[in-house]
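Okay, structure first, notes after.
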Amino acid sequence: GDVTKNDYGTEVNGGNWGIINMNGDTILPFKFKEIDFGNDSIANLLDYDGKAYLMNINSMTTLTNPEANYISQISYDWQNPTYLIGKDVVRGEYGDATGGTYGLIDGTGKELIPFGYSEIKQEGDFYIANSIDFNGFDLLSESGKVIVNRAKSIQPLNDSLFLILNENKGYIYNANQKVKHSSDEFSDFATPEYLS
């Protein structure tokens, strides 16, 4: 690739990427557009055909659905990372993702959430996912279980309290305790731009 110097050292753009071991032996051939390591044994690979792979480097096994063309680490737990995985995703010039459908997998490739959402965002130990038809939001547990289904709006207050608007009635939901903290007393709400 092209190596340029900047204020922080050097930056490499383009080129073909591969993996070698400490002896200089080629582990993966130099044919990938991007390689990113999730931990000591997992590599996130993007090839020039637009396919994305999660690979266990020790066993040289592919861990992901072959339909995937986008993978991004969403949980940065070194031992147990979680990955956002997408199919039919369009990648922009700077790697930004638009369109497609998304799901979640763990570091072993186990599907936590199948492809079926237009967007998934992590909020503490939970996920807010927009339905593929943009017809509501789901609140999901860390393991992918649906806690709140097709709410009109879900806004985080902190890492476990959420404001939920559903069928023109709203409530505060404690996801850790699985308890509603109000009795549908309001029909709309707005969260402050910055929560402390």
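Values in this text are rule-based calculations from the coordinates and carry no lab data. None of these values were measured; they are calculated from a predicted model. When we count neighbours, we look across all protein chains shown, and the Cβ atoms used for this are built from the backbone with ideal geometry, even at glycine.
Taking the Cα atoms of the chain alone, what are Rg (to one decimal) and Dmax (as a whole number) in Å?
Cα only, the chain: 19.9, 67 Å (Rg, Dmax).
On a straight-distance basis, which lysines could pair with residue 51 in a cross-link, Cα separation under 29 angstrom, same-chain partners fewer than 8 positions away excluded?
31, 33, 87, 110, 121, 145
From the alpha carbon gyration tensor of the range 28-67, can you work out the equivalent ellipsoid semi-axes (sqrt of 5 times each eigenvalue) and give them in Å, largest to smallest? It would help to have the intermediate numbers written out before the result.
Numbers: eigenvalues 47, 27, 16 Å².
Each semi-axis is the square root of five times an eigenvalue, giving 15, 12, 9 Å.
Normalising by the residue count of the chain, find the relative contact order in percent from Cα pairs under 8 Å and 6+ residues apart. Could you put the intermediate results ahead of the total?
Values: 421 pairs, mean separation 14.9, N = 196.
Reported relative contact order: 8 percent.
With just the Cα atoms of the range 9-76, tell me how far they stretch along each of the three principal axes, in Å, largest first.
Ordered largest first, the range 9-76 gives principal extents of 31, 27, 26 Å.
For residue 23 and residue 174, what is the calculated FRET efficiency with R₀ set at 41 Å and r taken between the beta-carbons, to the nearest 0.05? Walk me through the numbers before you get to the answer.
Working: r = 54 Å, r/R0 = 1.31.
About 0.15, to the nearest 0.05.
What are the extents of the Cα atoms of the range 67-165 along their three principal axes, in Å, largest first?
35, 32, 23
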